[in-house]
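The values are calculated or read from the model by the stated rules, or taken from the named source; none is laboratory data. Quick caveat, the model's predicted, so the values are computed rather than measured. Because the Cβ atoms are built from the backbone with ideal geometry, glycine has one as well, and the counts that use them run over all protein chains shown.
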Ligand code: GLN
């Protein structure tokens, strides 16, 4: 990619990005962040000049984006369930598909007063914070094994003014001594270790994407451990890969979960499964 020659206008910067292969909407999004302006401002100011610093940043972000660095890492944030979350390379970028899991969790919490909820492997805190924002009465806990991720999640909670309890450690281990929960929800690593998509996702934490093997070991662990932490009748809900629904349902049945069911994502693929602990 040939570097831009200064000075350039907004329109020239966008043309440059397009010729380098970046979709126009992404280029506009990056330029908006560089110029700290709205989309309508950008569209109305085609002939405005970028400063040297702005142009350098845009060029730098453009080359990183073309190297598959997620947009969210470049601009430092991602919207999830109406919340602006800070994200860093310590955390997975929250996906819109995971909103399906949040929606399902909220449905299961209907009718419960001050429910106790835990989000295992919270990353940026997306699920825990979405639930806390929708259910201010809930007692929400979030767990992550990565100190970097948990710091991002706690920072997000603070910025959003949401009260959640953060626990550092692996899955249930840091919850020792906690009372049972009304809901356990998780978007664990589930991509198979040899999945070719991992290459394009290489800038995100590998440990948040895949446990290796067939991708099911963490889901199996959660399914096995969850009954000890659930109130009778409480739900375990987990995100999984499009082709893992049958395996996850079998794991849930084997452990004695009832009402095992499935939710599909925005692309109509199986994306989350869960069951109710009969006690
Ligand atoms: N949904 C993510 C992806 O396929 C994976 C998230 C995960 O492993 N929990 O890009």
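So the check is Cβ under 6 Å with 6+ separation or different chains; which pairs have a first residue in region 201-218 that's farther than 26 Å from residue 78 by Cα and a second one that's in a loop (DSSP other than H, G, I, E, B) and within 12 Å of the ligand (Cβ to nearest atom)?
212/193; 213/193; 214/192; 217/211
Could you please find all residues in region 99-130 being assigned to a loop (DSSP other than H, G, I, E, B) and under 11 Å from the mean Cα position of the chain (by Cα)?
Selection gives 121, 122, 123, 124, 125.
In this structure, is residue 149 under 27 Å from residue 69 (Cα atoms), crowded, with 21+ Cβ neighbours inside 10 Å, modelled with pLDDT of 95 or more and out of contact with any strand residue (DSSP E or B) (no Cβ under 6 Å at 6 or more places or on another chain)?
The answer is yes for residue 149.
For region 1-13, which residues satisfy the criterion of being in a helix (DSSP H, G or I) and in contact (Cβ under 8 Å) with a residue 12 or more places away in the chain?
10, 11, 13
Tell me yes or no: at least one residue of region 116-132 is more than 21 Å from residue 274 (Cβ to Cβ) and surrounded by fewer than 18 Cβ atoms within 10 Å (Cβ to Cβ).
Checked against the condition, which is being more than 21 Å from residue 274 (Cβ to Cβ) and surrounded by fewer than 18 Cβ atoms within 10 Å (Cβ to Cβ), region 116-132 yields no hits at all.
Restricting to region 190-207, and then to whatever is part of a loop (DSSP other than H, G, I, E, B) and more than 11 Å from the ligand (Cβ to nearest atom), can you tell me which residue is farthest from residue 144 (Cα to Cα)?
196
Check every one of the helices (runs of 4 or more DSSP H) wholly within region 14-92 and list those with 3 or more residues that are within 28 Å of the chain's Cα centre (by Cα) and surrounded by 15 or more Cβ atoms within 10 Å (Cβ to Cβ).
Result: 24-35, 52-66, 71-75.
For residues in region 208-218 being assigned to a helix (DSSP H, G or I) and within 10 Å of the ligand (Cβ to nearest atom), which is surrounded by the most Cβ atoms within 10 Å (Cβ to Cβ)?
Among those that are assigned to a helix (DSSP H, G or I) and within 10 Å of the ligand (Cβ to nearest atom), it is 208.
For region 189-202, does any single residue satisfy the condition of being touching a strand residue (DSSP E or B) at 6+ places or on another chain (Cβ under 8 Å) and at pLDDT 95 or above?
yes
Report yes if residue 52 is within 16 Å of the ligand (Cβ to nearest atom) and either in contact (Cβ under 8 Å) with a residue 40 or more places away in the chain or touching a helix residue (DSSP H, G or I) at 6+ places or on another chain (Cβ under 8 Å) (or both), otherwise no.
no
Which one is farthest from the chain's Cα centre (by Cα), of the residues in region 227-262 that are away from the ligand (no atom under 13 Å from the Cβ) and either within 26 Å of residue 90 (Cα to Cα) or part of a loop (DSSP other than H, G, I, E, B) (or both)?
256
Output yes when any residue across region 217-226 is over 27 Å from residue 147 (Cβ atoms) and modelled with pLDDT of 95 or more, and no when none is.
No - not one qualifying residue is present in region 217-226.
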